[in-house]
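Asker: Could you have a look at this structure, given as structure tokens, before my questions?
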């Protein structure tokens, strides 16, 4: 497989320390998908949502949980279902995903499968604000695949995780020198990683240095993913504290996406 040319970065770089995880990992002007329809018949409508920036600046922080999660789970739902704050954007597969800080990137692969499809579990109860009566925290009869294919970026201060990436475009974008032993652009990842594994399992595929604004992958639908989306989480290294990327009021250390703008 021939590596693809590095895509042009369209995101404006925030005026902040490059080792701080600030700014949006997607083009702020990209339009999100949106959950529509009544509970029991909900669907994700392509391109029907707000922009990525507006989703996190205005919608994710709403006290109306249907509104807050219509374009992807907010930090409150992540705490309820995953035990730590993070934020999602429902977007089409294939959008460039940007590093939000300088550091060392690691591409990790749990599975290329979508756990809902693999186990035959309906996605609808989990779309937007989950229908708690039909959406248990652990919906699968086997492992859920975690973040599927994801990138972690670390430096001495923070770690960020960018989850549920697409396989082919993300692999094609990797520098040839980044691959771990035994892996390359030509590896048959679809066969090797076809089955979801436990949330903590994953093979390191590649490591390489990145700068804020670099494209590190492309959006997808791998792992525990109720709809194509990008999952984004921030951890402070010193105390392993998970931080809230948005300005949701119940979280003390929050607002990282929009700092420095």
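The values are calculated or read from the model by the stated rules, or taken from the named source; none is laboratory data. Since this is a predicted model, take the numbers as computed values, not measurements. Note that each Cβ is placed from the backbone with ideal geometry, even for glycine, and that neighbours are counted across all protein chains shown.
Asker: Give the range 238-261 a look and list any residue that's in contact with a strand residue (DSSP E or B) (Cβ under 6 Å, 6 or more places away or on another chain), assigned to a loop (DSSP other than H, G, I, E, B) and over 26 Å from residue 34 (Cβ atoms), or say none.
Answerer: Passing the criteria: only 253.
Asker: Suppose we keep only residues that are in contact with a helix residue (DSSP H, G or I) (Cβ under 9 Å, 6 or more places away or on another chain) and either over 24 Å from residue 45 (Cα atoms) or without any contact (Cβ under 8 Å) to a residue 24 or more places away in the chain (or both) within the range 104-133. Which one would you say is surrounded by the fewest Cβ atoms within 10 Å (Cβ to Cβ)?
Answerer: This residue is 133.
Asker: Yes or no: residue 198 part of a loop (DSSP other than H, G, I, E, B), more than 25 Å from residue 54 (Cβ to Cβ), touching a residue at least 40 places away in the same chain (Cβ under 8 Å) and within 13 Å of the chain's Cα centre (by Cα)?
Answerer: Answer is no for this residue.
Asker: What number of residues within the range 141-159 satisfy the criterion of being in contact with a helix residue (DSSP H, G or I) (Cβ under 7 Å, 6 or more places away or on another chain) and in contact (Cβ under 8 Å) with a residue 40 or more places away in the chain?
Answerer: 4
Asker: Which pairs turn up if I take residues in the range 43-59 that are under 13 Å from residue 91 (Cβ atoms) and look for partners that are loosely packed, with under 15 Cβ neighbours inside 10 Å and modelled with pLDDT of 95 or more with beta carbon separation below 7 Å, at least 6 apart in sequence or on another chain?
Answerer: Listed pairs, sorted by first residue: 51/29.
Asker: Now a separate question. Return the total of residues in the range 207-237 being farther than 18 Å from residue 18 by Cα, in a strand (DSSP E or B) and in contact with a helix residue (DSSP H, G or I) (Cβ under 8 Å, 6 or more places away or on another chain).
Answerer: Total satisfying the criteria: 5.
Asker: With 177, 187 as the choices, which residue is more than 22 Å from residue 230 (Cβ to Cβ), surrounded by 14 or more Cβ atoms within 10 Å (Cβ to Cβ), free of Cβ contacts under 8 Å to residues at least 60 places away in the same chain and over 18 Å from the mean Cα position of the chain (by Cα)?
Answerer: Being more than 22 Å from residue 230 (Cβ to Cβ), surrounded by 14 or more Cβ atoms within 10 Å (Cβ to Cβ), free of Cβ contacts under 8 Å to residues at least 60 places away in the same chain and over 18 Å from the mean Cα position of the chain (by Cα) holds for just one of 177, 187, which is 187.
Asker: Separate question: Only one of (1) over 15 Å from the mean Cα position of the chain (by Cα); (2) at pLDDT 95 or above; (3) closer than 20 Å to residue 257 by Cα is not met by residue 156, so which one is it?
Answerer: (2)
Asker: Identify all residues within the range 75-123 that are in a helix (DSSP H, G or I) and either at pLDDT below 95 or farther than 29 Å from residue 249 by Cβ (or both); write none if there are none.
Answerer: Result: 115, 116, 117, 118, 119.
Asker: Among (1) over 23 Å from residue 88 (Cα atoms); (2) buried (at least 19 other Cβ atoms within 10 Å of the Cβ), which single condition is residue 220 missing?
Answerer: (1)
Asker: For residue 4, are the conditions met, namely being closer than 23 Å to residue 152 by Cβ, surrounded by fewer than 22 Cβ atoms within 10 Å (Cβ to Cβ), at pLDDT below 95 and touching a helix residue (DSSP H, G or I) at 6+ places or on another chain (Cβ under 7 Å)?
Answerer: yes
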